[in-house]
Amino acid sequence: MKSVIYSLNKPDKGGVKPYIPIKLVHPNTGKSLYVNALLDSGADCCTLPSMISRTLGLKLDKEYESEGTTGISGEVLKTYTHTLVVQVYDSGRTRIVRTMKIKVNSLERNDIPPLMGTESFLDQFNVSFNYLKGEIELSW
């Protein structure tokens, strides 16, 4: 079994957050972007803010519109669905540990981080959180 360990991120606003370094790649154009993505076991889908989607050249138009996403507030948000290639990096961002195609939802808002949800991402890993050591382990 392969695995990679990350440190839990400690942002300025308190608490620890399970962020991992990934590279998002448009499968048709090769346009890419490195981001730190939040592992979110409470999110059904992988979700991106519009600024990241637009930077990658994803179209947020009628052709890609899908059923709306219900946010944590209960509000239904306009949603667009695409397929991307995701390269998961080691904690030092020096090597790719896994490459996969995933379905992502893009929202017309920018107040969320890139979220790696259960469908097509977390369901491909065994995820262990060790808050005592301040570590996350992804294995597959």
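Throughout, read-outs are computed from the coordinates displayed, never taken from laboratory work. Bear in mind that the values here come from a model prediction, so they are computed numbers and not experimental data. Every residue, glycine among them, receives a Cβ derived from its backbone with ideal geometry; neighbour counts consider all protein chains shown.
Descriptive notes on the structure:
- For the chain, adding -39500 (n - 2.57) for each run of n ≥ 4 DSSP H residues and dividing by the number of residues yields -1000 deg cm²/dmol at 222 nm.
- Burial ordering of Met116, Met51, Met100, Met1, fewest other beta-carbon atoms within 10 Å first: Met1, Met51, Met100, Met116
- Cα-Cα over 32 Å, subset of Lys10/Lys103; Lys2/Lys62; Lys2/Lys59; Lys17/Lys78: Lys2/Lys62; Lys2/Lys59
- The GluC sites (Glu not before Pro) found in region 1-109 that occupy coil by DSSP, while having at most 15 further C-beta atoms within 10 Å, are Glu75, Glu108.
- Magnitude of the charge dipole, region 30-102, Cβ model with Lys/Arg +1 and Asp/Glu -1, debye to 20: 440
- Order of Leu48, Leu60, Leu115 - criterion: other Cβ atoms within 10 Å of each residue's Cβ, fewest first: Leu60, Leu115, Leu48
- Charging the Cβ of each Asp and Glu at -1 and of each Lys and Arg at +1, and nothing else, the dipole of the chain about its Cα centre rounds to 580 debye.
- C-alpha center-to-center spacing [region 50-111, region 19-41] in angstrom: 9
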